[in-house]
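What follows is calculated from the coordinates using simple rules that are stated; it is not laboratory data. This structure is a prediction, so every number in the text was calculated from the model and none was measured. Quick reminder, even Gly has a Cβ in these numbers, built from the backbone with ideal geometry, and neighbours come from all protein chains shown.
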Amino acid sequence: MRHILALLALVITLGTVWHLISVDKDIDALGKVEEIFRKSDLLVELGKKSASSGAMSGGSAPLTSIDSSSALVEDDKKSEVDDKLKALREKAGNVGAFKVSQLYKSKCASCHGVNGEGGIGPKVIGQSYEKVSTELMAFKKGDKKNYVMYGLLQNLSDEDLDILAKEIAEFEQRAKALEK
């Protein structure tokens with residue numbers, strides 16, 4: 001029975017690792033899209049500067065009219081780009097608001113969320129070091145019954161559990177620091 005549980009835990013762990021790798025790829029892709037948006041904003045700004053310098057260097061009244069209507073179109077495009085960028089930032093924020101260790105990503109994030117906000121497993125953000133440490137040790141020893149937690153923690157050292165408990169206890173502070 002233990003072998004089956006260990007195998008199940010291994011399968012879950014591998015699935016978790018695969019999921020986290022795909023999430024990391026999504027975050028990287030969102031960062032690249034944001035960079036493209038920043039570059040396009042720069043090009044729009046450069047275009048505005050060259051259009052206004054052309055109007056100043058002896059452009060006629062109709063050209064100024066065209067420039068102002070072009071500026072309105074560019075403002076609309078910029079607003080649309082800003083809206084898209086805002087949506088991407090919000091999506092990226094939901095994927096991962098602050099950095100977590102690889103240990104947390106591989107052992108905890110798939111159930112408790114990338115930042116401890118919960119999901120399949122309960123929310124862990126806002127819990128004290130003592131509470132998290134006590135719970136992790138209880139799961140590892142089998143005093144508290146949860147086969148997934150037992151399977152994930154049984155091969156971790158007490159030092160690893162202590163590192164996880166300290167990291168999880170810091171989540172609330174990290175989230176508040178991002179809000180500022």
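Which ranges mark the helices (runs of 4 or more DSSP H) fully within region 93-180 that have 3 or more residues being within 25 Å of the chain's Cα centre (by Cα) and surrounded by fewer than 20 Cβ atoms within 10 Å (Cβ to Cβ)?
Details: elements: 102-107, 109-112, 129-141, 147-153, 158-179.
Qualifying helices (runs of 4 or more DSSP H): 102-107, 158-179.
Applying the selection to region 152-172, what residues are touching a residue at least 40 places away in the same chain (Cβ under 8 Å) and within 16 Å of residue 116 (Cβ to Cβ)?
Of everything in region 152-172, those that are touching a residue at least 40 places away in the same chain (Cβ under 8 Å) and within 16 Å of residue 116 (Cβ to Cβ) turn out to be 152, 163, 164, 167, 168, 169, 171, 172.
Looking at region 115-133 only, could you name the residues that are within 16 Å of residue 163 (Cα to Cα) and of a type in the set (A, V, I, L, M)?
124, 125, 132
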